[in-house]
Every structure is written in C-alpha cells, then in structure tokens.
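Data first, discussion second: the structure below is written as structure tokens.
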C-alpha cells in the first residue's frame, strides 16, 4: 500500500521531468525549515500531498484512475474543500505528476510513471518494521566539498542527507549507521553528486562518549518529542478502534490521518543503536501504534474509497 512521503513529494514538485529511476535535481528545504510541530494538521492542510496519499493507499489498487468528482468527495472527508482540490489537481497536472484521462465523458486522473516509481520507494521506507542498528557494524561517514560556484548542489546534498536520516558532525561531514551506506551511495549517484563526496566506513574511537556525540549530531530531543506527540494523538484513535471505532468512512479518515502524521519519521530517524538513544525513547512504541492502526484500518478504508469510486462511476 504505497504512500508518498513529504520528501518524495518535494522531489516531484521540484523536478517533474526526472526519469523514473530517480530524480536528478531537487531543491529541498532542510529538516529544521520543514518540520512543523503539528505534523498531522499541517499534512492534512496540504491538498497535493493528500491527493498523492489517496492514490498511493487506494487509487492504484482500485484501477489507477480516479474521477475528479471522487477526489473532491474523498478529500472533502479529510477537510479539504473542492476549490483547493481542483487547484491542486491542476497544478499536479502541470507538474506532470498526474495525467488526465476521460472515461465515459467523465474527467479523471492517473499517476505518471515517475510518480508510481516514487510510490514504490515510499512503500519500502514507510511500511518497513525496522529494528535499531547494531553499534558494532559501525558508521557510514560522508565527507563532501562543493565549490561556492555550485552552492545549489551543496544545499541539495545537505538537504538530501538530512532527509535520509544522516546526522551532521560538522561542515561537510555527515554520519549515519552503516546499514544506510548503500542507500547513500545509490542516492549520490542518482543525484549526480558522487563526484563531490567520499564515503568511509568508520567506528567512533574518541574523544568523548559516543552517546553524547550522537546527541549533538542528531536533534534527538526534538525527534523524541514528535514521537511522543504522535503517540498522544494516535493512541486515543487506536483505543477507540479497539472498542468499536466506527464505520468504513471513519476508518478511511483515521487511517490517512495517521499516515499523514507518521510519514516523516522513517526519513528523519536513522534507527540508531538502542544503547545510544536517550531513555525513555518512544520510537518503537510509536511504530507499534502506527502499524496496529494500519492493520485495523487500511482495508476498511479501502472499502470506503472503493464505494466512493463506484458511486461516481455509476
């Protein structure tokens, strides 16, 4: 069940003509610039992102084509009005994210090939039940030097490393658990930035305690607070569904709301070794809440989406 993450959506927005194998250019804001405190509310207020989430969660499984009228109804249930939906669809068409197709005199849209490829990548990230990294495996260290004349590429490199979960050691030096090494290598080649970078396999031998250093390289306090907020918001939803919940329409709303709140975390959290994390650490508990909600709600939400699509096909 594919979803767009905010970073993947930003790729499409900034580079709509990229090949399906992966975008080669994008201008992205840094983590600190993009991360709002109220993730769920902000995500639900972004019509284009939620349209992509609907296609990712349900559209492709239900034939790939969704009429404009059905999109308006489904987004309306998420609190997004018709005018905003139509404006978002129009822009996404211009950006070559959606392709317009008519069926029986009705207007609708499908995803482009590029958008579908990024949805596939989103599946791998967002729905993986990831365990903490193993400290003895070491670290991948990225060292780069980009000349001032190409500062756009420097900004791109910093932004993408941040969104891949890398921590910032110092100017031009980024670090992550070793298991992210191959992903980093693939990303740098796709973005044509490998000529500026050296990759190292490293262990921290000094100076200072590794947990203290990790606390400087990543903003774990903020990430932990956002996990706690997610748990606070979504645990009440989970408890409601454990005792009955609601109908398929409510499942649709609750599930996409949970995804909107969750979908940044797999890109911001590198899955650090457990012994390096502050205690208590809420990352694993937040993941449990999200996946349990998915097990309860995803299929019921799909039934509702399918019913809406059938209603507009009649």
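Bear in mind these aren't lab numbers, they're just calculated from the coordinates by the rules spelled out. These numbers come from a predicted model, not from an experiment. In this analysis, Cβ positions are derived from the backbone assuming ideal geometry, glycine residues included, and neighbour counts consider all displayed protein chains.
Remind me, what semi-axes does the stretch 249-314 give for its equivalent ellipsoid, largest first in whole Å, using sqrt of 5 times each Cα gyration tensor eigenvalue?
Taking √(5λ) for each eigenvalue gives 34, 11, 8 Å, largest first.
Could you work out how far apart the two model spin labels at residue 235 and residue 291 are, taking each label as a point 7 Å from the Cα in the direction of the beta carbon, and quote it in nm?
Taking the two extended label points, one gets 1.9 nm.
Pick from 57, 128, 176: which residue has the top mean-square fluctuation in a GNM of the chain where Cα pairs under 10 Å get a spring?
Among 57, 128, 176, the largest mean-square fluctuation in the Gaussian network model of the chain belongs to 128.
Order these by the 10 Å Cβ neighbour count, fewest first: 112, 210. Show your work: numbers first, answer last.
On the way: 112 19, 210 16.
So the residues, fewest neighbours to most, are 210, 112.
Given C-alpha coordinates of the stretch 117-194, what is the ratio Rg to Rh with the Kirkwood estimate of Rh? Walk me through the numbers before you get to the answer.
Details: Rg = 13.5 Å, Rh = 13.7 Å.
Result: Rg/Rh = 0.99.
Mind sorting 255, 109, 196 by how few other Cβ atoms lie within 10 Å of their own Cβ, fewest first? Before the final figure, lay out each step's value.
Details: 255 26, 109 22, 196 18.
Result, fewest neighbours first: 196, 109, 255.
Calculated from DSSP H runs of 4 or more alone, at -39500 (n - 2.57) each and per residue, what is the 222 nm mean residue ellipticity of the chain, nearest 500?
Numbers: 14 runs with 168 residues, N = 314.
Helix contribution divided over all residues of the chain: -16500 deg cm²/dmol.
Could I have the simple spin-label model distance between residue 299 and residue 201, label points 7 Å from Cα toward Cβ, reported in nm to one decimal?
Once both label points are built, they end up 4.3 nm from each other.
Using a Förster distance of 25 Å, how high is the FRET efficiency between residue 137 and residue 189, based on the Cβ-Cβ distance and rounded to 0.05? Each step should come with its number before you reach the end.
On the way: r = 22 Å, r/R0 = 0.89.
The value I calculate is 0.65.
Test of understanding: what is the full-extension gain from residue 100 to residue 77, defined as 0.36 nm times their sequence separation minus their Cα-Cα distance?
Details: separation 23, 0.36 × 23 = 8.28 nm, distance 2.28 nm.
Here the answer is 6.0 nm.
How fast does the chain diffuse by Stokes-Einstein, in µm²/s, taking the Kirkwood radius from C-alpha pairs at 37 °C and 0.692 mPa s?
Values: Rh = 20.6 Å.
Calculated translational D: 159 µm²/s.
So if R0 is 25 Å, what FRET efficiency would residue 130 and residue 87 give, r being the distance between their Cβ atoms, rounded to the nearest 0.05?
On the way: r = 37 Å, r/R0 = 1.46.
With a Förster radius of 25 Å, E is 0.10.
For labels at residue 107 and residue 123 in the simple 7 Å Cα→Cβ model, what's the distance in nm?
With each label point 7 Å from Cα toward Cβ, the separation is 3.1 nm.
Neighbouring Cβ atoms within 10 Å as the yardstick, rank 105, 300, 95 fewest first. It would help to have the intermediate numbers written out before the result.
Details: 105 5, 300 20, 95 17.
So the residues, fewest neighbours to most, are 105, 95, 300.
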